[in-house]
1. Quick check: is even one residue across the stretch 80-93 among the β-branched types (Val, Ile, Thr), within 30 Å of LEU339 (Cα to Cα) and either within 8 Å of the ligand (Cβ to nearest atom) or in contact with a Lys or Arg (Cβ under 7 Å, 6 or more places away or on another chain) (or both)?
2. Which residue pairs have Cβ atoms under 8 Å apart, sit 6 or more places apart or on different chains, and have a first residue in the stretch 1-26 that is among the charged types (D, E, K, R) and a second that is more than 8 Å from the ligand (Cβ to nearest atom) and not in a helix (DSSP H, G or I)?
3. Among all residue pairs at least 6 apart or on different chains, which show Cβ distances below 9 Å where the first residue, located in the stretch 220-249, is of a type in the set (Phe, Trp, Tyr) and the second is within 13 Å of the ligand (Cβ to nearest atom) and not in a loop (DSSP other than H, G, I, E, B)?
4. Go through the stretch 4-71 and tell me which strands (runs of 3 or more DSSP E), entirely inside it, have 1 or more residues that are acidic (Asp, Glu).
5. Restricting to the stretch 148-164, name every residue that is in contact with a Ser or Thr (Cβ under 7 Å, 6 or more places away or on another chain), surrounded by 23 or more Cβ atoms within 10 Å (Cβ to Cβ) and of a type outside the set (A, V, I, L, M, F, W, C).
6. Taking the condition open to solvent by less than 30 Å² (accessible area, probe 1.4 Å) and among the small types (Gly, Ala, Ser), does ALA217 pass?
7. Within the stretch 165-210, how many residues are aliphatic (A, V, I, L, M) and open to solvent by less than 10 Å² (accessible area, probe 1.4 Å)?
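The values are calculated or read from the model by the stated rules, or taken from the named source; none is laboratory data. Every value quoted in this text rests on a predicted model; they were computed, and no experiment measured them. Here Cβ is always computed from backbone atoms with ideal geometry, including for glycine, and neighbour counts include all displayed protein chains. Accessible surface areas use protein heavy atoms only, side chains included; no ligands, DNA or RNA. Shrake-Rupley method; radii C 1.70, N 1.55, O 1.52, S 1.80 Å.
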Amino acid sequence: MTPDSSILIAGAGTFGLSTSYHLAKAGYKNITVLEKSPTIPSHLSAGNDLNKILRAEYEDAFYTELALQAMREWKDNGLFAPHYHETGYLLCTSAAAPEKSKRTLAKSLSSVSSHPAFQGGEGQGGHKIICPINTRDDIRAVAPALDGPMQGWTGYLNRFAGYAHAADALRAMHAACCALGGVTFRLGDGVTALVYSNGDDAQPKGVCIGARTASGAVHTADVVVLALGAALGTVLGGPHGVGRHVAARAWSVGHVQLSEDEASRLRRIPVTYARDLGFFFEPDARTRLLKVCPAGAGYTNFVSGEEGREEETAPVSVSVPPEDSGWIPARDEAMIRRLLRETLPALADRPIVDKKLCWCADTADTDYIIDFVPGKGRVVVVSGDSGHAFKMLPVVGNWVKDVLEKGRQDIPRWRWKEGQDAGGDVSWRVGESIDIKDVKETVRG
Ligand SMILES: Cc1cc2nc3c(=O)[nH]c(=O)nc-3n(C[C@H](O)[C@H](O)[C@H](O)COP(=O)(O)OP(=O)(O)OC[C@H]3O[C@@H](n4cnc5c(N)ncnc54)[C@H](O)[C@@H]3O)c2cc1C
């Protein structure tokens, strides 16, 4: 690749914006981003949210190191720091938690408690960075505003963690790309298909030479980067596509509207996550919405894949986001209320507003995919976020740039995946994933 190579990026969400930013920063001058939504952040982006958790604990040291790289950017880089809120991260299990949740919490704790980045130093206010939680009083000592019973809750508080105002961070990254130059954003015209050489042009037959959008426009480029998040299967479905290896999977999101008084009482609460019940954040400063998400193993939406049609092979089913995500399963609303009853009982019976399903792209091993697609020439997939990649916004685009420049992925776990179906037994998820068509009762609002 040279700075003049033409690069087409499909999707301007978390991965797409980070990729555009790092390429533009490195001097690439011919980048076109095709985004289905007419605005950035996109209403379809999993990252377009009030907040996302930023923390470095993982069961896997590989991701702990990467998250620490990202955390340093969130803290110290002027582009990201205004959107990072270091409120701390209170990770617990409730008394009724299954053994699986307790095990995963113990692994999270050991990834940070033995790590030099969390040793010795003192967090905000001269406190230890990692603080064990064994009783309700321990929780009240670090988060006095949490006044529910929280009976049997145990875990820890990590002070080197918190959340990002996610939508604002995406906005900032988009503005940074525009300021750097070299990036053209084409909004409101989504990619519908890849375009392959028929052998008449300079390229061998079957090599990807660009993408077609809903308006019928064809954009050609030296390389195409698919950063479509959960929608990857809509463009790369079928037998030679993502099949069931990358599945769109969704979790519920709800909010409680707070008064000024209520919001100010909850100012600076840590991100509070009961592994078996769900999590919530400090109320948003502008809207006074308290975001709450229930725990669970998520929902798929399997449909028949499209890409195989011409080849007379049976369509392969792929999971893609549905058109309408403005509802949540009733059982998730019940879990949100259970979590609030445990922590903030005065809010437990309040209306849950702005409900939605938030879709990400899941893989079987929950590893990302940043790789060329075998057999398609110069198509790179940046996907498989598996619900844990917003925190990587400052750094992920650099890893994509690396792959584009080398022409290969050297990290085996981020290579193109084939084999296992996405979303088997993931250690940190509780319950079983089901398809949205099997959800019996739903609630809107
Ligand atoms: C409920 C939930 C909670 C989460 N919480 C956290 C958290 O606390 N911390 C964390 O680090 N991560 C979290 N994540 C994960 C994080 O949001 C994702 O990892 C990240 O947003 C994935 O980025 P992406 O670019 O792959 O997808 P997205 O951000 O979804 O971007 C995909 C983009 O593609 C666009 N697009 C779709 N179809 C087309 C098309 N046909 N043509 C062109 N453009 C198209 C979309 O509009 C969108 O802009 C959470 C995810 C979910 C679902």
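1. Within the stretch 80-93, one or more residues are among the β-branched types (Val, Ile, Thr), within 30 Å of LEU339 (Cα to Cα) and either within 8 Å of the ligand (Cβ to nearest atom) or in contact with a Lys or Arg (Cβ under 7 Å, 6 or more places away or on another chain) (or both).
2. Short answer, once both residue conditions are applied: ASP4/LYS29; ASP4/ASN30.
3. none
4. 31-35
5. Scanning the stretch 148-164 gives GLY155, GLY162, TYR163.
6. In short, no.
7. Residues flagged as aliphatic (A, V, I, L, M) and open to solvent by less than 10 Å² (accessible area, probe 1.4 Å) within the stretch 165-210 amount to 5.
Yes/no per residue for (1) under 26 Å from ALA263 (Cβ atoms); (2) open to solvent by 50 Å² or more (accessible area, probe 1.4 Å); (3) in contact with a Phe, Trp or Tyr (Cβ under 8 Å, 6 or more places away or on another chain):
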{"site": "ILE336", "(1), (2), (3)": "yes, no, no"}
{"site": "ASP367", "(1), (2), (3)": "no, no, yes"}
{"site": "ASP421", "(1), (2), (3)": "no, yes, no"}
{"site": "VAL439", "(1), (2), (3)": "no, no, yes"}
